[in-house]
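The values are calculated or read from the model by the stated rules, or taken from the named source; none is laboratory data. A quick note: this is a predicted structure, and the numbers were derived from the prediction, not measured. Neighbour counts run over all protein chains shown; Cβ positions are idealised from the backbone, glycine included. Side chains are part of the model used for accessible areas, which takes the heavy atoms of the whole protein and leaves out ligands, DNA and RNA. Shrake-Rupley method; radii C 1.70, N 1.55, O 1.52, S 1.80 Å.
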Amino acid sequence: MLNNAFAATVVALLTPSALAFAPTRQIASTTLNAQNSIISYQSSPLTPTPVSARSTILSKRTALFAQAAADSVPAPTANDSCDVLVLGSGPAARSIATLLASPSSNGSFDILLADTNYDRRWAPNYGVWQDEWQSILQLYSSFKQPLGASCVDRLWEVTDCFFGGSFDIPVESRMRLDRPYCRVDRDALRRQLSPKDEIEVKNDGDGNANYRVIRSNHISKATAVNIYSPAGSMVHDDSGSTVLLQSKDGDVTQVRAKVIVDCTGHESRIVLKDDRVKSIPPGFQIAYGVLAKVDESNIPDSDYAGPYYKEAMTLFDYRTDHFPEGSNELSKAEKAPTFMYAMPLDGNRIFFEETSLVARPAVSFQECKERYLTRMDHLGITITEIEEEEFCYIPMGGPLPAADQRVVGFGGAAAMVHPSTGYHLCRAMMASGSAAEAIRKELANDKNFNPDRAAASAYNAIWSPTNIAQRNFAVFGGEFLMKQNVEGLRGFFDGFFKLPLELWGGFLAGWPGLPNNENHETWWARLKFGLSFVSKLPPQVALDMLVSIATYSITEGVPLPQSVTPLLGLPDGYEYKEKSAAVGDVAAKSEAMKMIMESK
């Protein structure tokens, strides 16, 4: 019996979970020593009697596994601890770190943000609707973490669109939307969401955030829920997690945290996707953009750059008249459409971006660049200087994070990008409020802190069942857009923007707390929107949508019908459910123990 017990112990050590969690006993009190903590099980035999050949083989195999684990994990050179470890340093990461550490918590929580590229400048040009940005300002003020007016560097009172060339819409026709649009000053926002002592000297302004920074990255890769490789690089226990972070110089810091929030983007290595439900692969928004100066020496009206009015932001130009009739280029542009997005800034500086809204597979960057050049030439816009180029890559849709994960995905890591439009900044910044509140509430319950409940609460604050249902509706929208040629997209958006602003604005927002989202939060609101929308579409586009709804519901199952009817309830969320202990039949076990004792 003792030999069997020993063999069972060795077999247990061979399992990935045992290798991953064995160091936990050491971490809780001292430092990580993967080799000693694993091999110690072998160095203390359970009995002095001879060990079987099978047990000897298993012991050698265990030693090999243990040595491999020890060799793959670098030894820490420093130790740190915090309440919340935030991985990444983009807008999503700095937003949630800022609110977690905001003055509204009275300095109660220690927040550590980790990224080797913390000092890298943000690349994208962020455009937002003015009313959505106002809601973000209100949220941050409620956390006593106000964002300054410097975060917006350009405001357009109106927004223009061009959908001409189909359905008897003249090519030169301009649709004007009376909804102001803003360009976010990415450098100013980055400063506002940074600690004061972490502002680069070359930039003006002070940081307002209260989190700490370590310029290191995690080295882990999830192989199963809450299991990581290399073994010991990230370990969870009943009071928190221990993570190894490595700097560019190779220095390793062991960090102890109660909660981990991963904001490292769409292709996170430590947040697994949910495979319990059927999901569609993501589509991709691809764009090639330039911040350029244009030649205005021979233009008839300095208020315009080509057809683009400088006091308006051009959201969509889906025209294709810049391609020769019957050309291969026109054929490709009709089948895989792109549009021009134009932000006139100061003087003769304009940000132009040729964009593929969503496609699977993605349209190439080179294709977008060539179409941009062709469009500029046709419109008579001469570029004299390019200040910067932008290559935009945004996965849209795809599966949500798996349940029961200890690491909280946020931003791209939690698939928070709008599945139909690619909007993300305001969604992530708004969601940082509810996620931060959920995490802080769990941290405040210090005596009964449960890290599993804390992670589940954060996930449920991000993806409540109601929000998942709304997302499922938008996922269908993205799928429908992907199958449209340029004529279908012109008809789609021409009808879309003929709806009342409260309806189309709410669809574009698609997140609780943003303006007009209340018009899409319930199944009834979404059904009314859909019926109203179909009535605005050209007949052939409306028919295609109705057929697509039926086909999608058959092929993809529950998500779309569930989002527009009450019959199927709500999707499963992330609400914490305490795991019941496997106690078995207590009476039978008690009886056996009693009989064993009596037999002695």
Count, please, the residues in segment 204-252 that happen to be open to solvent by less than 20 Å² (accessible area, probe 1.4 Å), in contact with a strand residue (DSSP E or B) (Cβ under 6 Å, 6 or more places away or on another chain) and not in a loop (DSSP other than H, G, I, E, B). 12
Can you tell me how many residues within segment 286-315 are open to solvent by 20 Å² or more (accessible area, probe 1.4 Å) and either under 23 Å from Ser420 (Cβ atoms) or assigned to a strand (DSSP E or B) (or both)? 3
Counted residues in segment 316-339 being touching a residue at least 40 places away in the same chain (Cβ under 8 Å) and over 25 Å from the mean Cα position of the chain (by Cα) come to 12
Return yes or no: is Asp168 open to solvent by 70 Å² or more (accessible area, probe 1.4 Å) and more than 26 Å from Ala92 (Cβ to Cβ)? yes
Do we have any residue at all in segment 572-583 that's open to solvent by less than 30 Å² (accessible area, probe 1.4 Å) and either farther than 21 Å from Glu479 by Cα or modelled with pLDDT under 90 (or both)? yes
Lys528 vs (1) without any contact (Cβ under 8 Å) to a residue 12 or more places away in the chain; (2) of a type in the set (D, E, K, R); (3) assigned to a loop (DSSP other than H, G, I, E, B): all pass except (3)
Evaluate segment 545-557: report whether one residue or more is under 30 Å from Val408 (Cβ atoms) and either of a type in the set (S, T, N, Q) or in contact (Cβ under 8 Å) with a residue 12 or more places away in the chain (or both). yes
Give the residue that is farthest from Pro500 (Cα to Cα), with candidates limited to residues of segment 178-200 that are open to solvent by 10 Å² or more (accessible area, probe 1.4 Å) and touching a Cys at 6+ places or on another chain (Cβ under 8 Å). Gln192
In segment 362-391, what count of residues is obtained for those that are open to solvent by 50 Å² or more (accessible area, probe 1.4 Å), within 26 Å of Lys483 (Cα to Cα) and among the charged types (D, E, K, R)? 2
Is it true that Pro419 is touching a Gly at 6+ places or on another chain (Cβ under 6 Å) and buried (at least 19 other Cβ atoms within 10 Å of the Cβ)? yes
Pairs with Cβ under 7 Å, 6+ apart, first in segment 189-213 and at pLDDT 80 or above, second aromatic (Phe, Trp, Tyr): Arg190/Trp122; Pro195/Tyr211; Val213/Tyr118
Can you tell me how many residues within segment 465-496 are under 17 Å from Pro399 (Cβ atoms) and hydroxyl-bearing (Ser, Thr, Tyr)? 0
Inspect segment 174-187 for any residue being of a type in the set (Phe, Trp, Tyr) and closer than 22 Å to Ala435 by Cβ and give the result as yes or no. no
Looking across segment 444-466 at residues that are open to solvent by less than 10 Å² (accessible area, probe 1.4 Å) and within 14 Å of Val261 (Cα to Cα), the single one that is farthest from the chain's Cα centre (by Cα) is Pro451
Failed condition for Leu147, given (1) at pLDDT 95 or above; (2) buried (at least 19 other Cβ atoms within 10 Å of the Cβ), with all others met? (1)
A careful count of residues in segment 584-595 that are of a type outside the set (Lys, Arg) and open to solvent by 100 Å² or more (accessible area, probe 1.4 Å) gives 3
Index of the failed condition, Phe473 passing every other in (1) part of a helix (DSSP H, G or I); (2) under 30 Å from Val171 (Cα atoms): (2)
With the structure loaded, tell me whether Val541 is open to solvent by 70 Å² or more (accessible area, probe 1.4 Å) and either assigned to a helix (DSSP H, G or I) or closer than 24 Å to Asp160 by Cα (or both) or whether it fails that test. no
Residue under evaluation Trp511, criteria (1) in a loop (DSSP other than H, G, I, E, B); (2) over 28 Å from the mean Cα position of the chain (by Cα); (3) buried (at least 22 other Cβ atoms within 10 Å of the Cβ), criterion not met: (2)
Look at Ser40 and say whether it is open to solvent by less than 60 Å² (accessible area, probe 1.4 Å), modelled with pLDDT under 95, more than 13 Å from Arg212 (Cα to Cα) and of a type outside the set (Val, Ile, Thr). yes
Keeping to segment 335-351, report how many residues are part of a strand (DSSP E or B) and crowded, with 17+ Cβ neighbours inside 10 Å. 8
Residue list for segment 106-133, filter: open to solvent by 60 Å² or more (accessible area, probe 1.4 Å) and in contact (Cβ under 8 Å) with a residue 60 or more places away in the chain: Gly107, Ser108, Asp119, Arg121, Ala123
For segment 257-278, check the following and say yes or no: at least one residue is more than 20 Å from the chain's Cα centre (by Cα) and surrounded by 15 or more Cβ atoms within 10 Å (Cβ to Cβ). yes
In segment 133-192, anything part of a strand (DSSP E or B) and under 24 Å from the mean Cα position of the chain (by Cα) is listed as Val152, Tyr181, Cys182, Arg183, Val184
Residue among Leu193, Leu177, Leu155 that alone is closer than 17 Å to Thr98 by Cβ and of a type in the set (A, V, I, L, M): Leu193
The number of residues in segment 60-101 that are at pLDDT below 95, open to solvent by less than 20 Å² (accessible area, probe 1.4 Å) and either touching a strand residue (DSSP E or B) at 6+ places or on another chain (Cβ under 8 Å) or among the basic types (Lys, Arg) (or both) is 1
